[in-house]
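The values are calculated or read from the model by the stated rules, or taken from the named source; none is laboratory data. Predicted model only: the values in this text are computed from it and were never measured. Heads up, the Cβs are rebuilt from the backbone with ideal geometry, glycines too, and the neighbour counts pull from every protein chain shown.
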Amino acid sequence: MTSVIKYYEGIESVAVIGNYLPRQCGIATFTTDLVEGLSAEAPDIYNWAAAMNDKPEGYPYPEKVRFEINQNKLTDYSVASQFLNISQTDIVCVQHEYGLFGGPAGSHLLKLLGDLRMPVVTTLHTVLKDPAPEYRAVMCKLSDLSDKLVVMSRKASDFLKEIYAVPEDKIVFIHHGIPDTPFIDPSFYKDKFGVEGKKVLLTFGLLSPNKGIENVLQALPAVIKKHPDVAYIILGATHPHILKLHGDAYRIMLQQLVRKLDIGEHVIFQNRFVELKELCEFLGIADIYVTPYLEEAQITSGTLAYAMGTGKAVISTPYWYATEMLAEGRGRIVPFRNPDAIAEQIIGLLDNDVERHAMRKKAYTFSREAVWKEVSRKYLQVFSEVRQNRTRNPRPRHSYVENIKAITNFELPEIKLDHLKAFTDDTGILQHANYTIPDRTHGYCTDDNARALLVAAMGQKYLPTNGLGLDFLSGHYLGFLLYAYNEKNGRFRNFMTYSRQWMEEIGSEDAHGRALWCLGKAVAFLDDPGHLAMSTTLFNKALRAVENFHSPRAIAFCLVGMHAYLHKFSGDSDVRRIRGVLADRLFNQFKNNGTDDWPWLENALNYANGKLPHALLLSGHRMQRNDMIDMGLNSLKWLLAIQTEDNHFVPIGSNGWYEKGGPRARFDQQPIEAKAMVEACVEAFNLTRDHTWFENAVMCFNWFLGHNDLNMPLYDPKTGGCRDGLMADGINQNQGAESSLAWLLSLMTLQKLYADEILNQPSSHKTD
C-alpha cells in the first residue's frame with residue numbers, strides 16, 4: 001500500500017473566521033463548505049470556525065463553530081485574538097468582506113489580526129476597483145497582516161497589484177469552491193419539481209434589487225411566444241438584511257411585474273433558503289441558468305460557480321467574474337439591462353440542442369478544478385507554505401500595529417439601542433423617563449429628536465446596520481424636525497406636548513442651533529436619498545435665521561453643523577459665507593471677554609461648555625485660522641483643568657453652575673457635559689495628534705462608566721441607556737432621552753476615533 005504524503009505535515013489546527021450556516025448568506029455557505037472540505041481532505045487536522053454574528057444572540061451553530069464574535073462589539077475582537085492565540089491554532093483563514101466586520105470599512109478586524117501570533121491566510125470575496133480612502137486603507141493593512149491573499153478571479157489579482165500595490169508573491173488564485181456533482185440530463189429531476197416536459201430557466205441566490213431579475217421577466221413574453229413550454233424558477237429567500245431594512249419590496253415588485261406581463265403560468269417563485277442537496281437538484285433540472293446582475297463590479301459569484309459546476313448552459317450580464325468564467329465558449333454574455341438580448345440568447349440556446357450541450361460540457365469540464373476536494377487541497381498547500389515560511393522568517397513588524405495597541409488599550413461597551421427604540425414612538429423620541437419607563441407627561445422636544453437623528457445617522461455611517469433599524473428611526477426623527485420647523489418665521493419650535501401641541505411658536509436660539517448642528521451632521525452621514533434630501537432641505541431652510549444669532553452656544557452648534565455639511569457639499573458658497581460670519585463672531589466674543597486667568601467668552605460656565613472650543617477648533621482648521629485654533633486649544637485646556645480632579649472628570653454642576661469669582665457647583669453633574677468634552681478633546685487630538693488629548697477624551701468618557709466623584713456608573717448595560725445625572729447623594733436613576741443620547745454619541749465618537757486611528761496608521765503599501 002502506497003503511503004500518502006501529507007503536504008500539510010505539522011499543521012494540527014486551522015481556524016476559519018467568517019459567517020457560518022445557518023446564518024443565511026453566500027459567505028456563510030462558503031465558510032461552512034470550506035471547513036467541511038478541509039475536514040474531509042485532512043481529517044487529522046482540527047478544522048473549526050469562529051463565526052461572525054450580526055445579532056447578539058447569534059445562531060444555532062453546529063459543533064464546528066467553536067467561537068462566536070459579535071461583529072459590532074470591539075471587545076469581542078480582542079477576546080477572539082486571545083482565544084486563537086492560547087488555543088494553539090496553527091493557521092487562521094479569514095473570509096473577508098467589508099460588511100462582515102464592525103467599524104468603518106470593517107476596520108475592527110485589523111485589531112484582531114494585529115494581535116495574532118500565527119500565520120493568516122485571507123480569502124477576499126470583494127476587491128474594489130475604485131475604493132474610498134478608508135476601504136483602500138483597510139485593504140492595504142489587511143494585506144500587511146496576511147501572509148497570503150486568496151482571490152477567486154484573475155481580475156481580483158490584477159486589482160490587488162495595480163490598485164493596492166500588493167506584491168505578486170502574496171497573491172494566490174484558488175477557484176470558488178463548488179460541490180462535486182455528476183453531469184446529468186436536466187430531465188432527470190424535473191418530475192420531482194413538477195416541471196416535466198418543460199424547458200427550465202433558473203436563477204438562484206438571496207434576492208436583492210441588484211440581481212436584475214426583472215430584466216429576465218421582461219424577456220419572457222418573447223421567449224414564451226417561441227417556446228410556450230418554458231418555465232422560469234426564481235429560487236431564493238430575500239436577503240435577511242434587505243428584508244429587515246426594506247421588507248420584501250423587491251420580490252413584491254417582481255410578482256407584480258409577472259402579473260402585468262401575464263406570464264404567471266411560466267414563473268415559479270421559491271421563496272426559501274435551500275440546503276445544498278436540494279440546491280443541486282434544482283440546478284440539475286435547469287436547461288439554462290441566467291445571472292442578470294445589474295453592475296459589473298462583482299469580483300466573484302458563488303451562484304455562477306455552482307451553475308457552471310453542475311454543467312449548466314449560462315447566460316449572464318458582463319460583470320467581472322462572469323466575463324472571466326464564461327470566456328472561450330463556456331457561456332453567453334448579454335448587455336446589462338437588456339431584456340431583448342436576454343430573450344434572443346435564451347431562444348437561440350433552446351433552439352440549438354447541440355450548441356447548448358457543448359456549452360454545458362465546456363463549463364462542467366472547466367469547473368472540475370473548483371470542486372471542494374481540489375479547492376481544499378490547494379488551501380492546505382497554501383497553509384503549509386505559510387507555516388513553513390513563518391518557521392524560517394519571523395512575522396514582519398508593523399509599527400502601526402503597536403501604535404494601535406498603545407492607543408486602544410481600553411475597553412468600549414457595545415452599542416445597544418434598546419432604550420432608544422423604547423423611547424421612540426410614531427411621533428419621535430420622548431423627553432423624560434421615570435426610571436427606565438417613558439414619561440409621557442412632558443412630551444417631546446426638538447433638541448432630543450435632533451440628537452436622536454444624529455445618533456441614527458452616525459450609526460448608519462459607521463456601524464454595520466444589519467437590521468438595527470437605524471434608517472427607520474432616522475425617518476421618524478426627520479419627520480419630527482420637519483414638523484418642528486415653522487415656515488412662517490423660519491425657526492424651530494422646541495417643546496411639544498404628548499397630545500402633539502406645540503408650546504411655543506419660536507424656540508430658543510440654542511434649540512435652533514442644536515437642530516442645525518444635527519441636520520448638518522446628518523447630511524454628512526446619511527446615504528438614503530430621501531433622508532439626505534430632507535436633511536439638506538431642512539438645513540438650508542434653517543440656515544436663513546442663524547446669521548443674526550448671538551448666543552455663543554447657538555453659534556457653536558451651528559458652526560459644528562455647518563462644517564459637517566460642508567464636508568459633503570464644500571462648494572456651497574452661502575454656507576461658507578455664513579460660517580465665516582459666525583466663526584468671527586464667536587472668536588471675537590472670546591477675544592473681547594477672555595483674560596489670562598479666565599480665557600472664556602462669558603463670566604460663567606454653564607452647560608455644554610466643551611462645544612464652544614470645539615467650534616473654534618473646527619473653524620480654525622477648516623478656515624486656516626491659527627488664531628482660532630490657538631484660542632480653542634487654550635480655552636479647552638483651561639476648561640479641562642478646572643474639570644479634572646484626581647485623574648477623573650468633574651463636570652461643572654448644574655445646581656448653580658460656576659460664576660467667575662464665585663463658588664463652583666459640584667453637582668448635579670450631567671451627561672451632556674461629558675459628551676461635549678469627549679467631542680472637543682477628540683477634535684483637539686485629530687488636529688494636534690497630541691496623545692494627551694486622546695487620553696483626556698477617554699477620561700471624560702469614563703465618567704459614564706464610574707470614574708467619577710461617586711465611583712458609580714451612569715451607563716446601564718441592561719437597557720443601553722444612561723442615567724440622568726450624578727447628584728451629591730447618588731445617581732439620578734431616571735434614564736431620559738438627553739442623557740441616553742449623550743452616552744450613545746460619546747460611545748460612537750470613541751468607536752470612530754479608534755477606527756480612524758487604525759486607518760491613519762501608515763502601512764507598508766505605497767500607492768500612486
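Of all residues in region 90-103, how many are surrounded by 22 or more Cβ atoms within 10 Å (Cβ to Cβ) and farther than 20 Å from ALA156 by Cβ?
So the count comes out to 4.
For region 685-716, how many residues meet the condition of being in a loop (DSSP other than H, G, I, E, B) and closer than 18 Å to THR749 by Cα?
Looking only at that region, the number is 6.
Quick check on ARG272: is it out of contact with any His (no Cβ under 6 Å at 6 or more places or on another chain) and part of a loop (DSSP other than H, G, I, E, B)?
The answer is yes for ARG272.
Only one of (1) in contact (Cβ under 8 Å) with a residue 40 or more places away in the chain; (2) surrounded by 15 or more Cβ atoms within 10 Å (Cβ to Cβ) fails for ASP627. Which number is that?
With (1) in contact (Cβ under 8 Å) with a residue 40 or more places away in the chain; (2) surrounded by 15 or more Cβ atoms within 10 Å (Cβ to Cβ) applied to ASP627, the lone miss is (2).
Yes/no matrix, rows are residues, columns are (1) in the same structural domain as ALA684 (by TED's automatic domain parsing); (2) within 30 Å of SER654 (Cα to Cα); (3) without any contact (Cβ under 8 Å) to a residue 12 or more places away in the chain:
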site: HIS550; (1), (2), (3): yes, yes, no
site: PHE569; (1), (2), (3): yes, no, no
site: PHE590; (1), (2), (3): yes, yes, no
site: ASP596; (1), (2), (3): yes, yes, yes
site: HIS621; (1), (2), (3): yes, no, no
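At pLDDT 95 or above, touching a strand residue (DSSP E or B) at 6+ places or on another chain (Cβ under 8 Å) and farther than 30 Å from GLU36 by Cα: does that describe ILE288?
The answer is no for ILE288.
Which one is surrounded by the most Cβ atoms within 10 Å (Cβ to Cβ) among residues in region 170-186 that are in contact (Cβ under 8 Å) with a residue 40 or more places away in the chain and either closer than 15 Å to ASP229 by Cα or more than 38 Å from the chain's Cα centre (by Cα) (or both)?
Selected residue: PRO186.
When you scan region 550-579, how many residues do you find that are surrounded by 21 or more Cβ atoms within 10 Å (Cβ to Cβ) and of a type outside the set (Gly, Ala, Ser)?
Total meeting the criteria: 11.
Is it fair to say GLY469 is more than 14 Å from GLY721 (Cβ to Cβ), within 21 Å of the chain's Cα centre (by Cα) and crowded, with 21+ Cβ neighbours inside 10 Å?
Spelling it out, it is not the case that GLY469 is more than 14 Å from GLY721 (Cβ to Cβ), within 21 Å of the chain's Cα centre (by Cα) and crowded, with 21+ Cβ neighbours inside 10 Å.
Considering only region 105-118, state which residues are more than 22 Å from HIS239 (Cβ to Cβ) and surrounded by fewer than 24 Cβ atoms within 10 Å (Cβ to Cβ).
Scanning region 105-118 gives LEU113, GLY114, ASP115, LEU116, ARG117, MET118.
Of all residues in region 63-81, which are assigned to a loop (DSSP other than H, G, I, E, B), farther than 11 Å from ALA15 by Cβ and touching a residue at least 24 places away in the same chain (Cβ under 8 Å)?
GLN71, ASN72, LYS73
Assess whether ASP597 counts as being over 24 Å from LEU454 (Cβ atoms), part of a loop (DSSP other than H, G, I, E, B) and acidic (Asp, Glu).
Judged against the criteria, ASP597 is a match.
If the requirement is being surrounded by 24 or more Cβ atoms within 10 Å (Cβ to Cβ), more than 19 Å from the chain's Cα centre (by Cα) and among the acidic types (Asp, Glu), which of these qualifies: ASP426, ASP448?
Sole residue among the options that is surrounded by 24 or more Cβ atoms within 10 Å (Cβ to Cβ), more than 19 Å from the chain's Cα centre (by Cα) and among the acidic types (Asp, Glu): ASP448.
Name the one entry in SER157, SER187 that is among the small types (Gly, Ala, Ser), more than 23 Å from ALA322 (Cα to Cα) and out of contact with any Leu (no Cβ under 6 Å at 6 or more places or on another chain).
Just one listed residue meets the conditions, SER187.
Cβ-Cβ distance below 6 Å, separation of 6 or more or different chains: which pairs start in region 693-721 with a residue that is farther than 15 Å from VAL650 by Cβ and end on one that is part of a helix (DSSP H, G or I) and among the charged types (D, E, K, R)?
Within 6 Å, the pairs are THR719/ASP418; GLY720/ASP418.
Quick one: ALA305 ticks every box in (1) touching a residue at least 40 places away in the same chain (Cβ under 8 Å); (2) among the aliphatic types (A, V, I, L, M); (3) part of a strand (DSSP E or B) bar one, so which box is it?
(3)
Among (1) out of contact with any helix residue (DSSP H, G or I) (no Cβ under 7 Å at 6 or more places or on another chain); (2) modelled with pLDDT under 95; (3) of a type in the set (Ser, Thr, Tyr); (4) surrounded by 16 or more Cβ atoms within 10 Å (Cβ to Cβ), where does THR408 come up short?
(1)
Looking at region 82-128, which of its residues are over 26 Å from GLN388 (Cβ atoms) and assigned to a loop (DSSP other than H, G, I, E, B)?
GLU97, PHE101, GLY102, GLY103, SER107, HIS125, THR126, VAL127, LEU128
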